[in-house]
Amino acid sequence: PRLRVVLSQDVSPACQTLLNINDEGKLEGFDAEVGQVIEVCPEGILLVRDIANYFERSAVGGAALIVDYGSGKGSTDSLRGFSRHKQVSFLSRPGECDITADVDFAALKHAVNDTGRGKKRGQNEDEDDDD
C-alpha cells in the first residue's frame, strides 16, 4: 500500500489541548503563520510537563538538561527516514528504514512555562524575560 501525509481540515483535539490553540485557531505563545508546518511531539510535551511538575513538588527543586538535535526556534518539516546511511522518504519502506525528527526545543520550553507554577522555567541566562 502507498502511504502519504495528509493534513487535517481542522485543528485536532490533541493539538488544541497540547498546544493551547485559541478559538481563532491560532497557536498561543508562538509566532506561527497560517499554513506554516509545525511538528508536534505529544510525548515530549507531556514528559517536560511531568519533569517540571516533579521539580515543583520537590522540596529541593531541580533542573533538567535535555540534549538532542533540534532548534530553539521551532521545528518544521524535519521528519525524515534513513536507510543504509542515506536519507529516504520516511514513507518509502515502512518497517525497513529508521525514522527521525528534530527536537522542537521551543515547544518544550513553551510546555514547561505553560505549567503556570512558580517562576518562568526553560530559559537561558542570556534570554530576556519578555520572550
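The values are calculated or read from the model by the stated rules, or taken from the named source; none is laboratory data. Owing to the predicted nature of the structure, the values given are computational and were not obtained by experimental measurement. We place every Cβ from the backbone using ideal geometry, glycine too, and count neighbours over all the protein chains shown. Only protein heavy atoms, including side chains, enter the accessible area calculation; ligands, DNA and RNA are left aside. Shrake-Rupley method; radii C 1.70, N 1.55, O 1.52, S 1.80 Å.
Among residues other than Gly44 with Cβ under 13 Å from its Cβ, the summed charge is -4 (Lys and Arg +1, Asp and Glu -1).
Fully extending the segment from Thr17 to Asp68 would add 15.8 nm, taking 0.36 nm per residue of separation and subtracting the current Cα-Cα distance. Among Leu79, Leu7, the sequence by solvent-accessible area, most first, with a 1.4 Å probe is Leu7, Leu79.
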